[in-house]
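A short worksheet on the structure shown next.
The values are calculated or read from the model by the stated rules, or taken from the named source; none is laboratory data. Keep in mind the model is a prediction, meaning the values are calculated, not measured. Quick reminder, even Gly has a Cβ in these numbers, built from the backbone with ideal geometry, and neighbours come from all protein chains shown.
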Amino acid sequence: MSAGRTVVIPHLGRVEGHGGIFVRVEGNRVSQVQMDIFEGSRYYEALLKGKHFAEVQGIITRICAICSASHTVTALQALENALGVTVSERVHDLRGLLLLGATIESHALHVFALALPDFLGFESVLAMAQEFREEVVFALRLKQLGNQIQELIGGRAVHPINTLVGGFGKLPRHRDLELLRGQLEASLPVLDRFVDLAASLKLPELPQAPTVYVALRPYQEAFRFFRAGVAAAQAVLLVGIFAVFVVWQYRLLSRKDGYGPS
């Protein structure tokens, strides 16, 4: 009988966040897998106390640089709901474009730099570039294009400064939007070739387990992440999970250590 062995990766390098993994192998069978998330609490709720409403989005956007546009728009929506501010459809559309730019940038980074090297058997995206140079160069250009959209709408690629309660500090010029549209359309043929590459990947077999499937329900049936609803295969279980999270968050904020309500 073969002895068991333990595999420990203290820090996972190709994930957006901080974590490690512990794997126990008994013979030819994986007997235990444990994910260790060691990213600490940030206590943004406490940081916002006593701040002017105009400062909120600039603080909340620091939750994450890669997805700072999402945190910015969410903070603005919360403020507008609290203040009773209604924004125009044009503002909604431009915020939606900002989020799509962030999605393009984030997905290009994740797919080509974090995921594909593992699927294709390379140690890193740099090693992958030796064989798939065209794909890596395109990924960098696609990420840059996502950044350009965020710069045009949000004022800069990371932590938007042009987004305000009720609208924007400056609206994009029509010719700049047309230029971006042309660049996006020019990317489509290369993306079609990437679809063929993705379809050829051998996916690992995953264990079967009860799963709650969650997806966005598009607003007005348009492809966007802004103003979308949430659809779940098991809504009751989803609500239960959310309720547990809310209770946990409340207890965390109510601690007598200076972070709870004053």
How many residues of segment 9-41 are basic (Lys, Arg) and in contact with a strand residue (DSSP E or B) (Cβ under 9 Å, 6 or more places away or on another chain)? The answer is 1
Given (1) assigned to a loop (DSSP other than H, G, I, E, B); (2) within 16 Å of the chain's Cα centre (by Cα); (3) surrounded by 11 or more Cβ atoms within 10 Å (Cβ to Cβ), GLY17 misses just (3)
All conditions in (1) modelled with pLDDT under 70; (2) of a type in the set (Val, Ile, Thr); (3) loosely packed, with under 12 Cβ neighbours inside 10 Å are true of VAL230 except (1)
Worksheet entry | Test for ILE60: is it under 19 Å from ILE153 (Cα atoms), in the same structural domain as ARG133 (by TED's automatic domain parsing) and assigned to a loop (DSSP other than H, G, I, E, B) | no
Going through (1) within 14 Å of ILE104 (Cβ to Cβ); (2) under 20 Å from the mean Cα position of the chain (by Cα) one by one, LEU188 fails only at (2)
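Quick check on this structure: which one of PHE225, PHE168 is within 19 Å of ASN147 (Cβ to Cβ), of a type in the set (Phe, Trp, Tyr), surrounded by 10 or more Cβ atoms within 10 Å (Cβ to Cβ) and in the same structural domain as VAL87 (by TED's automatic domain parsing)?
PHE168
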Of VAL23, VAL87, VAL73, the only residue that is over 18 Å from PHE225 (Cα atoms) and either in contact with a helix residue (DSSP H, G or I) (Cβ under 6 Å, 6 or more places away or on another chain) or outside any helix (DSSP H, G or I) (or both) is VAL23
Matching residues in segment 135-166 (over 21 Å from the mean Cα position of the chain (by Cα), farther than 30 Å from GLU55 by Cβ and touching a residue at least 40 places away in the same chain (Cβ under 8 Å)) number 1
Counting only residues in segment 101-126 that are in contact with a helix residue (DSSP H, G or I) (Cβ under 7 Å, 6 or more places away or on another chain), small (Gly, Ala, Ser) and not in a loop (DSSP other than H, G, I, E, B), the one surrounded by the fewest Cβ atoms within 10 Å (Cβ to Cβ) is identified as ALA113
Within segment 20-68, restricting to residues that are β-branched (Val, Ile, Thr) and closer than 30 Å to GLY4 by Cα, the one that is nearest to the chain's Cα centre (by Cα) is ILE37
Looking across segment 1-14 at residues that are aliphatic (A, V, I, L, M) and surrounded by 12 or more Cβ atoms within 10 Å (Cβ to Cβ), the single one that is nearest to the chain's Cα centre (by Cα) is LEU12
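If you check GLN220 against the conditions, is it without any contact (Cβ under 8 Å) to a residue 40 or more places away in the chain and loosely packed, with under 10 Cβ neighbours inside 10 Å? Write out each step before concluding.
Values: without any contact (Cβ under 8 Å) to a residue 40 or more places away in the chain: yes; loosely packed, with under 10 Cβ neighbours inside 10 Å: yes.
It is true that GLN220 is without any contact (Cβ under 8 Å) to a residue 40 or more places away in the chain and loosely packed, with under 10 Cβ neighbours inside 10 Å.
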